[in-house]
Amino acid sequence: MKLFLKFDFTKISNVVLQEKLNAHNLKYQQSAFGEIELLEKVSAQQLEAFNDSIKNYGIYIIEDAKNIIVQKIKDAIMEMVFSEQNQISVKTSVFLSEKLNQSYSYLSNLFSEVTFTSIENYVILQKIEYTKTLLIKDELSLTEIAYKLNYSSVAHLSKQFKNTTGITPSAFQRIILKRKEIRTDQ
Amino acid sequence: MNKEYINIALADDDEDDILFFTEAFEELRIKNKVSTFKDGIELMIYLEKLEGELPDLLFLDLNMPKKSGMECLEEIKANRKFKDLIIAIYSTSSSEEDVENTFVLGANIYIKKPNNFEKLKKVLSEVVTTNWQYHTNSLNKENFLLRL
């Protein structure tokens, strides 16, 4: 005997999804097909367990997958910027595409979409934030920091600091110190 | 999970300015909620009474009648409840001394207000985006200084 079947894919997808969401005690609202709004805070483990249980049905959480790649890019950037040997001298684009095994244009588009900034700007932001910490906490000179962070010259770092924050490194240092003085006076 | 929008408060006595700012916010890619106040007194009453979610980012006009942006800044900085609030001060003109003094008193951002809408949009976009980076990457807010 042969049976001929007809599938309502939309219905199947929705029923599977509802069953799995209920099985994981997730309170939700379906906003559109393929779009679920979780109504309560969900832990990373809960989400992962849910993710695992729907994978077998060929259902994947897209937003989360994007966030995972973005996090990997960020981790790789931190490794590149803050590595103690500071000898990673290849270009950011080459380093990232080799590390994550994806084309740089794919990574860079995804990154901008999720974080609202570019990879280039993110790298600069991280370097400048680290410079601030070194200036204040470790009281390193800008020359020492430029060397530590692999800048070609102290002038380059100084210019990038000013371009990013709108103030010079020395003004930054002065302001933070004055703030501390005010606080200890009170 | 991270929340997906930024909560903005804005205090300005000029209705046109409020209109320009809110229009600029509407065009941003980062989703946002905006509450507006017509002077410093109205703002401070709101903040003091607030028990729920505080704004993430506050825009303060430096020159307002009754209570100036500077007075609001000092009151906010004196209250631990508002320690996570990022404050952006803006003014049409500014001396170096004013800018530095504002930062020393605890402002994070100083904006010299541009005189056309396109530039204003660009500046506000940069402020909100930078603030978003601090927020989503847990950067040290004590070191958040931005002058535009």
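The values are calculated or read from the model by the stated rules, or taken from the named source; none is laboratory data. Everything quoted here is computed from the prediction, not taken from an experiment. Here the Cβ is made from the backbone with ideal geometry for all residues, glycine too, and neighbour counts use every protein chain on show. Quick note on the areas: whole protein, heavy atoms, side chains included, nothing else; ligands and nucleic acids left out. Shrake-Rupley method; radii C 1.70, N 1.55, O 1.52, S 1.80 Å.
Model label points for A:Ser53 and B:Glu42, set 7 angstrom from Cα along the Cα-to-Cβ axis, are 4.9 nm apart.
When restricted to Cα atoms, the range B:1-74 yields an Rg and a Dmax of 12.6, 41 Å, respectively. Placing a pseudo-label 7 Å from each Cα along the Cα-to-Cβ vector at A:Ile69 and B:Glu142 gives an inter-label distance of 3.8 nm.
Using the average count of surrounding beta-carbon atoms within 10 Å as a protection proxy, the listed peptides B:86-92, A:124-130 rank, highest first, as B:86-92, A:124-130. Largest accessible area first, the listed residues B:Asp61, A:Asp75, B:Asp14 line up as A:Asp75, B:Asp14, B:Asp61 when surface is computed with a 1.4 Å probe on the assembled protein chains. In a DSSP loop and with at most 15 other Cβ atoms within 10 Å, the trypsin sites (Lys or Arg not before Pro) in the range A:136-166 are A:Lys137. Taking the range B:49-107, which trypsin sites (Lys or Arg not before Pro) meet the DSSP loop condition and have no more than 13 other C-beta atoms within 10 Å? Taking the range B:49-107 and a limit of 13 other Cβ atoms within 10 Å, the loop trypsin sites (Lys or Arg not before Pro) found are B:Lys66, B:Lys83.
For the Cα trace of the range A:65-185, dividing Rg by the Kirkwood Rh returns an Rg/Rh value of 1.04. Legend: calculated FRET efficiency, A:Ser141 to A:Leu39, from the Cβ-Cβ distance at R0 = 51 Å, rounded to 0.05, equals 0.45. Mind running the shape call on the protein assembly as shown? Use the C-alpha gyration tensor, a ≥ b ≥ c as the square roots of the eigenvalues: rounded below 1.5 for a/c, prolate if a/b tops b/c, oblate otherwise. Because a/c hits 1.5 or more and a/b fails to exceed b/c, the protein assembly as shown counts as oblate.
Restricting the GluC sites (Glu not before Pro) of the range A:14-66 to loop positions (DSSP other than H, G, I, E, B) with no more than 13 neighbouring Cβ atoms within 10 Å leaves A:Glu40.
The shape of the range B:5-148 comes out rounded: with a ≥ b ≥ c from the C-alpha gyration tensor, a/c is under 1.5. The slack between A:Met78 and A:Leu100, meaning 0.36 nm per residue of separation minus the straight C-alpha distance, is 6.5 nm.
Could you calculate the FRET efficiency of B:Glu26 with A:Tyr28 from 1/(1 + (r/R0)^6), where r is the beta carbon distance between them and R0 is 25 Å, rounded to 0.05? FRET efficiency, B:Glu26 to A:Tyr28: 0.30. Sorting A:Thr133, A:Thr143 by solvent-accessible area of protein heavy atoms yields A:Thr143, A:Thr133, largest first, with a 1.4 Å probe. Other protein chain C-beta atoms within 10 Å of residue C-beta, averaged over B:134-142: 3. Of A:Ile136, A:Ile62, B:Ile41, the order by accessible heavy-atom surface (1.4 Å probe, DNA, RNA and ligands excluded), from most exposed downward, is A:Ile62, B:Ile41, A:Ile136. Which of A:Ala65, A:Ala76, A:Ala171 moves most in a GNM of chain A, Cα contacts under 10 Å? Residue with maximal mean-square fluctuation among A:Ala65, A:Ala76, A:Ala171: A:Ala171.
Against the main long axis of the alpha-carbon atoms of chain A, helix A:62-82 sits at an angle near 20°. Close amide-amide hydrogen proximity is noted between B:Gly106 and no other residue 5 or more places distant or on a separate chain, at a cut-off under 5 Å (H modeled in the peptide plane; Pro and chain starts excluded).
Note on the range A:65-185: Lys pairs 8 or more places apart or on different chains, Cα atoms under 13 Å apart, count 10. Under a model in which nothing but the beta-carbon of Lys, Arg (+1) and Asp, Glu (-1) is charged, the range B:6-146 shows a dipole of about 500 debye around its Cα centre. Rounded to two decimals, the Cα-based Rg/Rh of the range A:123-186, with Kirkwood Rh, is 1.01. Under 10 Å, Cα contacts only: if you run a Gaussian network model on chain A, which one of A:Val15, A:Val81, A:Val70 comes out with the highest mean-square fluctuation? Taking springs between Cα atoms under 10 Å, the residue moving most is A:Val15. A run of chain B free of exposed loop cleavage sites, with GluC sites (Glu not before Pro) counted only in DSSP states other than H, G, I, E and B and at most 15 other beta carbons within 10 Å, reaches its longest extent at B:54-148. When chain B is treated as a GNM with alpha-carbon contacts under 10 Å, the residue of B:Asp39, B:Asp56, B:Asp84 showing the greatest mean-square fluctuation is B:Asp84.
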